[in-house]
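Bear in mind that the values in this text are calculations on the coordinates, not laboratory data. Every value quoted in this text rests on a predicted model; they were computed, and no experiment measured them. No Cβ is skipped: glycine too gets one built from the backbone with ideal geometry, and neighbour counts run over all protein chains shown.
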Amino acid sequence: MAGFGLEEHAHKPFVALSTGTHRKVLMAAALASGAALALIDEPLAGLDRASERYLQTALASVATQPDRVLVVAHWEALPEVPWRQQLVLG
């Protein structure tokens, strides 16, 4: 929650959050869940700069875990993340 700056929203119901905050909550849950597979579409959409930086750090951390797979659809490679494999579609 801290990385995405969600503390100030902890008391609010999910439906009262903005679209960007919805995305932060869902990505935080996916990253914290420990799920073997997480699918993230356009991860930077709707995020502020601080959240973008945090997300790339969090993705980099998860990308090094051999028992987890992240499938991320994004228009650029996110160079801060040490991906094991990238598929670039033309």
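Report, to the nearest 10°, how far helix 49-63 tilts away from the longest principal axis of the Cα atoms in the chain, using its own Cα long axis and a range of 0 to 90°. Helix 49-63 sits roughly 50 degrees off the main axis of the chain. For segment 2-17, backbone phi angles converted through the Karplus equation (6.51, -1.76, 1.60; θ = phi - 60°) give residue-by-residue couplings of 5, x, 9, x, 8, 4, 5, 9, 4, 7, 8, x, 3, 5, 8, 8 Hz, Gly and Pro being listed as x. Amide H contacts of residue 69: 37, 38, each under 5 Å away and 5 or more positions distant or on a separate chain (H built 1.01 Å from N in the peptide plane; Pro and chain starts excluded).
Summing -39500 (n - 2.57) over the DSSP H runs of n ≥ 4 in the chain and dividing by its residue number, what mean residue ellipticity at 222 nm do you reach, to the nearest 500 deg cm²/dmol? Spell out each step's value before the answer.
Working: 2 runs with 29 residues, N = 90.
Rounded to the nearest 500, it is -10500 deg cm²/dmol.
Modelled this way, with points 7 Å down the Cα-to-C-beta line, the labels at residue 37 and residue 87 are 1.2 nm from one another. Helix 19-32 and the longest principal axis of the C-alpha atoms of the chain enclose an angle of approximately 60°. Would you mind calculating the relative contact order of segment 9-80 from Cα pairs under 8 angstrom and at least 6 residues apart, reporting the percent as a whole number? Once divided by the residue count of segment 9-80, the mean separation gives 36 percent.
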